[in-house]
1. Which count do you get for residues in region 525-562 that are touching a Pro at 6+ places or on another chain (Cβ under 8 Å) and either surrounded by fewer than 22 Cβ atoms within 10 Å (Cβ to Cβ) or at pLDDT 95 or above (or both)?
2. Might you check whether a residue that is without any contact (Cβ under 8 Å) to a residue 24 or more places away in the chain and either of a type outside the set (Asp, Glu) or part of a helix (DSSP H, G or I) (or both) occurs anywhere in region 662-678?
3. Do the conditions hold for Val690, that is, is it assigned to a loop (DSSP other than H, G, I, E, B) and either modelled with pLDDT under 95 or closer than 30 Å to Thr577 by Cα (or both)?
4. If you take the residues of region 338-369 that are under 18 Å from Asp573 (Cβ atoms) and small (Gly, Ala, Ser), which of them is surrounded by the most Cβ atoms within 10 Å (Cβ to Cβ)?
5. Criterion first (within 27 Å of the chain's Cα centre (by Cα), part of a helix (DSSP H, G or I) and among the β-branched types (Val, Ile, Thr)) does Ile565 satisfy it?
6. Could you figure out which of (1) crowded, with 22+ Cβ neighbours inside 10 Å; (2) under 23 Å from Lys137 (Cα atoms); (3) not aromatic (Phe, Trp, Tyr) isn't true of Ala256?
7. Give region 370-413 a look and list any residue that's within 19 Å of Leu535 (Cβ to Cβ), open to solvent by 20 Å² or more (accessible area, probe 1.4 Å) and not in a loop (DSSP other than H, G, I, E, B), or say none.
Amino acid sequence: MTDRSRRVRHPGAGRLRQLRASTAIVLAASVLAPIVLAPGFLATAARADEGMWTMDNLPVKQLQQRYGFTPSAEWITRVTQASARLTLGCSASFVSADGLVMTNHHCANECLAELSPKGQNWFQDGYKAGAQTTEPKCPAMELDRLDTISDVTATMAKALAGQQGAAYSSAQKAAEANIQKGCVAGDPTDWRCDVVTLYHGGRTALYRYKRYQDVRLVMAPDQNAAFFGGDPDNFNFPRYDLDMTFLRAYENGHPAKVTYFPFDPTGPKDGELVFTSGNPGSTSREEPVAQLQLTRDLELPIVYGYLSTLDGLLWEYGRQGAAQTQDAQDLLFGVENSLKVYTGWLQTLADPAMMAAKLKSEDDLKAWIDADPTRKAAYGDPWTTLEGSIVKERAQYVRYAMLEGSRQPFGFMGDLFGYAKTLVRAAAERAKPDAQRLSAYHDANLPALQASLQSTAPVHADLDETLMAFSLTRLRQALGADDATVRLALGKDSPDERAKALVSGTRLADPAARMALWNGGQAAIDASTDPMIVLARSIEPTARALRDEWDNNIESVQRQTSEAIAKARFARDGANTYPDATFTQRLSFGVVKGWDENGKQVPAFTTFAGLYDRATGSDPFKLAQAWIDAKPHLDLSTKFDFASTNDIIGGNSGSPVIDSRGHAVGLIFDGNIHSLGGDFVYDGRQNRAVAVDSAAILAALRVVYKDDALADELVRGHL
């Protein structure tokens, strides 16, 4: 289920790959100025191209009235089945019948880094397979394609009726497990089923996905092209980024046969209606004000401070040598982008106009409830109940974040501990009936866990030791040297000494060792003397108790209050709107369009000519030699990147931009600075999505990277 209380991401999510996942969800951003909403933005929103619409509730009437476009059933089916989701936190799309997948370069950073042979750096220098027979498999990458959406609101409501606290949490887990088990129909390897809360509890849906766990690397440009302009240009426009990567989904050892978007070779026109079909990670546009204040005042400052220190640590680590730079580059990229986004969030939440508008909307709903005794009896006063859970969250948050976290705690970082925690918890959870397990350990979700544990991705021991020492130091600072769990974790050692002993003594870098513990179950975990397993095993009772307290007395209460508020809003307004983002497939619509910036019109398109004009020969405006050599052979008037009014957020990275025919005309990779507040509000006058033009993709493939085979595969589907 979607978990609002853990929406703020941190660098311990799952394994380090989960930080990269959450960084992809938090769309890479750079903050250059405070974000101030334009006056009258609420009135504008009703007229703007706002909305991240579920595929079973598209705004057909709005599209008809505003643009004269009516999506056909065939069009909707194609868009649904040609779109995809990378479970690490990005969107993607199929662009050929043979399983060719288009996404962003920054969504494949981890794959590129992990596959790079010794002495090579595919993350920095790029990669070209050249033929299907040489396409290498990305470790632990999963691609999901939406199959169906089913309404399970009544089923969940019946299961949760009259439940409170721990009983509510248990009933929720059991109901989810039963729904998921029936959905995968005994085949969790090929199918994935997620129970998703929409409208903050107003509706619950079951999303069934076709699952691809054999995803291979086809082509990626060099980092200089993919992230041209670096931080100075990040979240700005004009942009000149070729932020693309091509992957391929395989099934039974062969390229998957799929529905796909034909690839338009010319791209969109200024003012043209375009759509994005992607998986926006999370938004907070309908969250109660008290929760927004909690995010602003507690969660974000803590996470921001942690990431700021980690940023400096990784920067210093990378200065030790080329190998250290390469090992840390993906994580550093993610941390720096997260920092920029969270800075923007803090500024947005500090804007008095935005918070005043949110408060007025909330007060209007309260007044509507209070005006009728029947409504008052039906919905009560969920805001007062919510305040009580927030008091508990404030008291628990630091300890929870350090010892449990959303997937892995602040206090114990690194791939190796991430494996250990997964193995220790999985052994205990798998011994329980499926209905009593935490959701991540339901039978339907075990294939993803196993794939992660079986990953052949290298573990960088020196980096892991550095991260463990850092996190143990922060653990002691946060909880105090006399805390029982701190003493248990450190013993008589310093954080540096303890980290060295843990990393040098563990065998969890070996997939075979991990799978032996997985297959051996609780007996193997209990008997293990591996120091990382021993550490995870020793803190698990405390961490699990924190998790239970959080789930039963904070999370469940916040879910129930959110449901009551959502039901009241539904009763007043109907379901003629879109739900907050939940990392599920959504469609947004808009037009290719620039905007007015302090009286100056910003054009919608950039060109190759602008790229070469902006290049200086020095980072971050440096072009690789292949680009310098290609300049005389390129049509410099070819469009490069473009801006549109599509409503996107983190997680939309890698979304295709499609036209009214259902053809791919671009690739979303970012937004402008005005989109930073999009997690909380949308202002269509200046909020813009930024995409790579399909014309630029083809020109770069043919002229710069000499990859005619890939370019030909793309355009074949358009003919």
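1. So the answer is 2.
2. No: region 662-678 contains no residue that is without any contact (Cβ under 8 Å) to a residue 24 or more places away in the chain and either of a type outside the set (Asp, Glu) or part of a helix (DSSP H, G or I) (or both).
3. No: the conditions fail for Val690.
4. Ranking the qualifying residues of region 338-369, first place goes to Ala357.
5. Working: within 27 Å of the chain's Cα centre (by Cα): yes; part of a helix (DSSP H, G or I): yes; among the β-branched types (Val, Ile, Thr): yes.
For Ile565, the condition - within 27 Å of the chain's Cα centre (by Cα), part of a helix (DSSP H, G or I) and among the β-branched types (Val, Ile, Thr) - is met.
6. Answer for Ala256: the failing condition is (1).
7. Listed by number, the list holds a single entry, Arg399.
One line per residue, one yes/no per condition, for (1) in contact with a Cys (Cβ under 6 Å, 6 or more places away or on another chain); (2) without any contact (Cβ under 8 Å) to a residue 40 or more places away in the chain; (3) not polar (S, T, N, Q):
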{"residue": "Ser91", "(1), (2), (3)": "no, no, no"}
{"residue": "Leu100", "(1), (2), (3)": "no, no, yes"}
{"residue": "Cys107", "(1), (2), (3)": "yes, no, yes"}
{"residue": "Leu112", "(1), (2), (3)": "no, no, yes"}
{"residue": "Thr134", "(1), (2), (3)": "no, yes, no"}
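The values are calculated or read from the model by the stated rules, or taken from the named source; none is laboratory data. Given the structure is predicted, the values throughout are model-derived calculations rather than measurements. No Cβ is skipped: glycine too gets one built from the backbone with ideal geometry, and neighbour counts run over all protein chains shown. Heads up: the accessible areas ignore ligands, DNA and RNA and are worked out on the full protein's heavy atoms, side chains in. Shrake-Rupley method; radii C 1.70, N 1.55, O 1.52, S 1.80 Å.
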